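Please treat every number below as a calculation from the coordinates, not as lab data. In this text the structure is predicted, and so the values were computed from the model without any measurement. Don't worry about glycine lacking a Cβ; one is built from the backbone with ideal geometry, like all the others, and counts go over all protein chains shown.
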Amino acid sequence: MIIDQCPYCRIRHVQTKEEFQAYAHPGSANVVWHVLRCQNQQCRRAILQVQTNQGQALETFPFADVQLDNTVPIPDPIREDFKEAGMCLAAGCFKASLVMSRRALQRCLKDQGCNQRNLVDAIGAAVKDGVLRKSFHPLAEEIRHYGNLGAHPDDDELNNANRDTASQVLEFVRLLIHEFYEVPALASSLKTNRTKP
């Protein structure tokens, strides 16, 4: 079995092995508890995953600690929003994860100089000014829409706020953070190494 991320070593899409018996949930015949072991040789720690009897993951314990690279200068509010979005996802709080991902996107755009009050306007300005690649525009709009699903009960479409969509939205925010912060930091490091006396 492959899990999204080991909560201990943080290896993404890590293979696991079920080394212990699965247990039926006492309150539901459709839910099974699996004790898994991370197959990363430096980790090998046990993970409890709650699944439907069709194998869909509902919750993973302990919750994954979603951290960004500490060596990259990323503003703390963006780090915190991204981490909270990841923790909400791990805890099965999908609407909350979507809202926090949307918030992280808005903070990223604001940090890049797009200070418009409404996210839709900030996304438009980011595309117009070349802050956001054109190919990223539809994805940014989807983050905005899914974040709105989580935040506005009048427009609630509960079936769309699920693990898959929350995970995909968080992954795109991660991609944006990589582009805005990690790539420039890597380029700066390469330049420093190249120009050393």
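I want to check a number: in the chain, how many lysine pairs have alpha carbons closer than 21 Å, given a sequence separation of 8 or more or different chains?
The number of close lysine pairs in the chain is 4.
Database remark: amide H of residue 14 closer than 5 angstrom to the amide H of 3, 5, 6 (H placed geometrically; neighbours at sequence offset of 5 or more, or on other chains; Pro and chain starts carry no H). Charging the Cβ of each Asp and Glu at -1 and of each Lys and Arg at +1, and nothing else, the dipole of the stretch 76-197 about its Cα centre rounds to 680 debye. With the charge dipole of the chain set up from +1 on Lys and Arg Cβ and -1 on Asp and Glu Cβ about the Cα centre, the Cα lying farthest toward the positive end among the listed residues 180, 161, 100 is that of 180. Over the chain, with a Gaussian network built from C-alpha contacts below 10 Å, which listed residue (103, 45, 117) shows the highest mean-square fluctuation? Of the options given, 117 has the highest mean-square fluctuation. Listed values for the stretch 112-128 are Karplus-derived 3J(HN,Hα) couplings in whole Hz (6.51 cos²θ - 1.76 cosθ + 1.60, θ = phi - 60°), namely 8, x, 9, 9, 4, 5, 8, 4, 4, 6, 5, 5, x, 5, 5, 5, 4, and x replaces Gly and Pro.
Here's the picture: charge each Lys and Arg Cβ at +1 and each Asp and Glu Cβ at -1 in the chain, and of 46, 143, 90 the one pushed furthest to the positive end of that dipole is 46.
Per-residue ellipticity at 222 nm, computed for the chain from helices alone with -39500 (n - 2.57) per DSSP H run of at least four residues, works out to -14000 deg cm²/dmol. 3J(HN,Hα) along the stretch 179-189, derived from phi through the Karplus expression 6.51 cos²θ - 1.76 cosθ + 1.60 where θ = phi - 60°, amounts to 5, 6, 10, 6, 5, x, 5, 5, 4, 5, 5 Hz, with x in place of Gly and Pro.
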